[in-house]
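K.L.:
Quick one: this structure, given as structure tokens, is what I'll be asking you about.
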Amino acid sequence: MATLDLRDSGDAALVVAIGRWSEEALAEVYRRHGGAVYGLARRVLGDESRAEEVTQEVFVRLWQQPERFDADRGTLRSYLLAAAHGRAVDVVRSETSRRRREEQEAKATATAPYDLEHEVWDLALAEQVKAALNELDPDERQAIELAYFGGHTYRQVAAMLGQPEGTVKSRIRVGLRRLQASLAHVSIAGAEQ
């Protein structure tokens, strides 16, 4: 008998019943509008399982927040379709963003074919830089290592060494000049050949 009453009830009355946790009212709303909601989601997404998920989300949201429906602003069907469309578009955007991110990550992590000549050159250059660093004054070397290889700011290096920031900047500047002079004979252009 209650089912007949629900079938005769208007959408607004069904939403009120849903607000009182009536599962039968939700089932009746789904019976009336579920196909349209699913059809719209399927058209936007082009995928049955994702359309089913969106449909479920729309009706779960109606169950959890029936007060969001305002009969003065439109029909329940238009409310549900707008919710389905919005959620489906969000899914499409999310999927597009995810694909774009994955493509960018793939490009960033893609490596060039193994090149023994460049590998040997890089190792030799690294050894020369290491040797030039070891020729520096220990205070200059430590400041440069913290700033450039440790990724710290001048202020952080100064705090780590317990020295004034100006002193640290000077040591780094002088040390970099010495490194440049030490490495002047190394042809960086050779690495690009």
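K.L.:
How much FRET efficiency would the formula 1/(1 + (r/R0)^6) give for Asp72 and Asp5, where r is the Cβ-Cβ distance and R0 is 22 Å, rounded to 0.05?
P.N.:
Values: r = 24 Å, r/R0 = 1.09.
Result of the calculation: an efficiency of 0.40.
K.L.:
Next up: Can you compute the label reach from Asp47? Point 7 Å from Cα along the Cβ direction, backbone N cut-off under 16 Å, restricted to region 69-89.
P.N.:
Hits in region 69-89 for Asp47 at 16 Å: 87-89.
K.L.:
Please compute the per residue accessible area over region 1-90 with all protein chains in place, 1.4 Å probe, rounded to a whole number of Å².
P.N.:
Solvent-accessible surface per residue comes out at 60 Å².
K.L.:
If you put +1 on each Lys and Arg Cβ and -1 on each Asp and Glu Cβ, how big is the dipole of the chain around its Cα centre, in Debye rounded to 20?
P.N.:
Working: 26 positive and 31 negative charges, 124 e Å.
The calculation lands at about 600 debye.
K.L.:
Considering the zone a paramagnetic label at Arg32 would reach in this model (a point 7 Å from Cα along the Cα-to-Cβ line), which residues of region 75-94 have amide N under 11 Å from it?
P.N.:
75-78
K.L.:
With r defined as the distance between the Cβ atoms of Glu95 and Leu116 and R0 fixed at 45 Å, what FRET efficiency is calculated, to the nearest 0.05?
P.N.:
With R0 = 45 Å, the Cβ-Cβ based efficiency is 0.65.
K.L.:
Could I ask something else about it? Can you tell me the 0 to 90 degree angle between the C-alpha axis of helix 116-134 and the longest principal axis of the chain, rounded to 10?
P.N.:
60 degrees
K.L.:
Over all alpha-carbon pairs in the chain, figure out the percentage whose distance exceeds 21 Å.
P.N.:
Working: 13018 of 18528 pairs.
Considering the chain, 70 percent of its Cα-Cα pairs are separated by more than 21 Å.
K.L.:
Still on this structure, please answer the following. Towards the positive end of the charge dipole of the chain, with charges on Cβ (+1 Lys, Arg; -1 Asp, Glu), say which of Val54, Pro164, Tyr148 has the farthest Cα.
P.N.:
Checking the options against the dipole of the chain, the answer is Pro164.
K.L.:
Figure the gain on full extension for Ala159 and Ala82 (residue separation times 0.36 nm, minus the Cα-Cα span) and round it to one decimal in nm.
P.N.:
Details: separation 77, 0.36 × 77 = 27.72 nm, distance 5.66 nm.
The Ala159-Ala82 span can extend by a further 22.1 nm.
K.L.:
Of all accessible surface on the chain at a 1.4 Å probe, what whole percent is carbon and sulfur? Walk me through the numbers on the way to the answer.
P.N.:
On the way: 6650 of 13000 Å².
Carbon plus sulfur share of accessible area: 51 percent.
The values are calculated or read from the model by the stated rules, or taken from the named source; none is laboratory data. Nothing here was measured: the structure is a model prediction, and the numbers come from that model. With ideal geometry, Cβ positions are generated from the backbone for all residues, glycine too; neighbour counts draw on all protein chains shown. SASA here: full protein model, heavy atoms, side chains in, ligands and nucleic acids out. Shrake-Rupley method; radii C 1.70, N 1.55, O 1.52, S 1.80 Å.
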